[in-house]
Amino acid sequence: MSEILAIGSYTETDLAGLREMGARVVASLDEMRGLEEAERGDVRAVAYKGHHPFGAEEMALLPALGVIANYGVGHDAIDVEAAGAAGVRVTNTPEVLNDDVADLAVAMLLMQQRRMLQGDAHVRSGAWAGGESFPLNRKVSGRRAGIMGLGRIGRDIAERLAAFKMEIHYHSRSEKETPGWRYHADPVDLAGAVDYLVVALVGGPETENYVSREVIGALGTQGVLINISRGSTVDEAALLDALEAGRLGGAGLDVFEGEPKVNPRFRALETVVLQPHQGSGTRETRAAMGRLQRDNIAAFLAGRALPTPVN
Ligand code: 8YV
C-alpha cells in the first residue's frame, strides 16, 4: 500500500502526476472506508478532491495521517479544527484559480444582463431570421457593484468590474486598503447601495445564509445576485422566493445548496444563469491546482515547509 491516498475524481493529467508519486487512487470517501485496515494504516498523506465532509471520523480511519491536501481553495468540506486536534496538517490551492473564478463571475453577470442565453436561442431557433426582433436588455458598464467578501477572488472580481467603469462597494469583516472602494460594515447596507451583488465569501458555518432574505430584499427588483463562492452562503429559499415574485431582478449562480442536485425551481426561471460549479474549471487552472496539491504532499513527506498551509 502507498503512503499517499488520492480521494476523488481526477483528470488524466492529475492521475498521471499522482501515480508518479506512487499514490493509490480511490473515487470517494466511501471507497476509502472500504479499504482494508492495514491499507488505511499506511496512509500519511491524503490528496482530497470533493465536497463531502471529511471530519474526525474519516481521519480516525487513517491513523498515520499527517496531511490532507485539498484540491481547491475552499476547504469547508474538511474539518480543520478536528485535523488540528489530530495533529493533521491541511493545505489548499489558493491564488492559481483567482482569474478563472473572477472571469466566470463577470461572464455570468454579462450573460444575465445582456440576456445572452436568450440571444443565442433567438439566433439558433431561426426567430431572428424570421424577422422577430430581440428585446432590449440592460446596460452593464457604469453600474454599481458590491462585492461580498473581499478576499483574493473578491479583489480580482472588483478590479475587473472597475474596468467596466463601475463604482465598487464591498463588505468584509473589516475595512481593507483599496483604491477608493466603499466599505459597508453591514451586508444589508451594501446590498441597498448597489445594482449587482457578487458573493465571494469563504464557505463554512460562519457564512451560512450570510446572503439573507434581508440582503436579497435590499438588492431590489432590478438587482442581480452573482454567486461563485458556495451554495451555503446564500439563503436559497429566500432567493427563489424573491426571483419567482419578481422582487429580485436576476441571478448568476455557479454554486448551489446540495449540488450537483439543483433545486428544480431554478429551471423555470428566465432571469437566472446557471453554471455547474465550473469557476476554476479550465484545463490550465485545474492542472495548476493539481500541481500545487502534489507539491504540498511532496513537501510534507520530505519534511519541508508546506507551500500553502491552512493550519
Ligand atoms: C473546486 C472550488 O475545488 O477551489 C474551490 O474552492 O470550489 C473549486 O475549485 C473544484 O470544483 C474541484 O472540486
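The values are calculated or read from the model by the stated rules, or taken from the named source; none is laboratory data. Predicted model, so just to flag it, every value in this text is computed and none were measured. Note that each Cβ is placed from the backbone with ideal geometry, even for glycine, and that neighbours are counted across all protein chains shown.
Summed over the range 45-65, the residues that are surrounded by 17 or more Cβ atoms within 10 Å (Cβ to Cβ) and away from the ligand (no atom under 16 Å from the Cβ) give a count of 5. Taking the criterion of being β-branched (Val, Ile, Thr), within 16 Å of the ligand (Cβ to nearest atom) and surrounded by 24 or more Cβ atoms within 10 Å (Cβ to Cβ), the residues of the range 197-212 that qualify are 198, 199.
Across the range 242-289, what is the total count of residues that are on the phi > 0 side of the Ramachandran plot and within 14 Å of the ligand (Cβ to nearest atom)? Final tally of qualifying residues: 1. Would a scan of the range 184-191 turn up a residue that is in contact with a Phe, Trp or Tyr (Cβ under 9 Å, 6 or more places away or on another chain) and assigned to a loop (DSSP other than H, G, I, E, B)? So far as the range 184-191 goes, yes, one or more of its residues are in contact with a Phe, Trp or Tyr (Cβ under 9 Å, 6 or more places away or on another chain) and assigned to a loop (DSSP other than H, G, I, E, B).
Name the residue that is farthest from the ligand (Cβ to nearest atom), counting only residues in the range 290-311 that are polar (S, T, N, Q) and part of a loop (DSSP other than H, G, I, E, B).
Top of the filtered list is 311.
Condition check ((1) outside the structural domain of residue 83 (by TED's automatic domain parsing); (2) touching a residue at least 24 places away in the same chain (Cβ under 8 Å); (3) farther than 23 Å from residue 93 by Cα; (4) not hydroxyl-bearing (Ser, Thr, Tyr)) across all residues:
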position	(1), (2), (3), (4)
10	no, yes, no, no
18	no, yes, no, yes
23	no, yes, no, yes
33	no, yes, yes, yes
37	no, no, yes, yes
44	no, yes, no, yes
48	no, yes, no, no
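Do you know which of the residues in the range 157-171 that are surrounded by fewer than 20 Cβ atoms within 10 Å (Cβ to Cβ) and not basic (Lys, Arg) is nearest to the chain's Cα centre (by Cα)? The extreme case among them is 159.
Restricting attention to the range 66-76, the residues being β-branched (Val, Ile, Thr), in contact with a strand residue (DSSP E or B) (Cβ under 8 Å, 6 or more places away or on another chain) and either in contact (Cβ under 8 Å) with a residue 40 or more places away in the chain or more than 16 Å from the ligand (Cβ to nearest atom) (or both) number 1. Based on what the data block shows, is residue 95 out of contact with any His (no Cβ under 9 Å at 6 or more places or on another chain), more than 21 Å from residue 281 (Cα to Cα) and acidic (Asp, Glu)? Considered against the rule, which asks whether it is out of contact with any His (no Cβ under 9 Å at 6 or more places or on another chain), more than 21 Å from residue 281 (Cα to Cα) and acidic (Asp, Glu), residue 95 comes out as no.
Per-residue answers, yes or no, for (1) assigned by TED's automatic domain parsing to the domain that holds residue 102; (2) at pLDDT 95 or above; (3) closer than 19 Å to residue 228 by Cα; (4) not polar (S, T, N, Q):
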{"site": "140", "(1), (2), (3), (4)": "yes, yes, yes, yes"}
{"site": "148", "(1), (2), (3), (4)": "yes, yes, yes, yes"}
{"site": "154", "(1), (2), (3), (4)": "yes, yes, yes, yes"}
{"site": "157", "(1), (2), (3), (4)": "yes, yes, yes, yes"}
{"site": "161", "(1), (2), (3), (4)": "yes, yes, yes, yes"}
{"site": "174", "(1), (2), (3), (4)": "yes, yes, no, no"}
{"site": "177", "(1), (2), (3), (4)": "yes, yes, no, yes"}
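Looking at the range 23-35, can you tell me whether even one residue there is within 12 Å of the ligand (Cβ to nearest atom) and β-branched (Val, Ile, Thr)? No; the residues of the range 23-35 include none that is within 12 Å of the ligand (Cβ to nearest atom) and β-branched (Val, Ile, Thr). Here the condition is being in contact with a His (Cβ under 7 Å, 6 or more places away or on another chain) and not hydrophobic (A, V, I, L, M, F, W, C); of 254, 241, 295, it holds for 254 alone.
The set of residues in the range 77-91 being within 16 Å of the ligand (Cβ to nearest atom) and surrounded by fewer than 21 Cβ atoms within 10 Å (Cβ to Cβ) consists of 77, 80.
Checking the stated criteria, residue 105 turns out to be assigned by TED's automatic domain parsing to the domain that holds residue 162, within 16 Å of the ligand (Cβ to nearest atom), in contact (Cβ under 8 Å) with a residue 60 or more places away in the chain and in contact with a strand residue (DSSP E or B) (Cβ under 6 Å, 6 or more places away or on another chain).
Would you confirm, using the coordinates I've provided, whether residue 267 is part of a helix (DSSP H, G or I), out of contact with any Lys or Arg (no Cβ under 9 Å at 6 or more places or on another chain) and among the basic types (Lys, Arg)? When the stated conditions are applied, residue 267 passes them. Taking the range 139-156 as the range and being over 14 Å from residue 73 (Cβ atoms) and in contact (Cβ under 8 Å) with a residue 60 or more places away in the chain as the test, only 148 passes.
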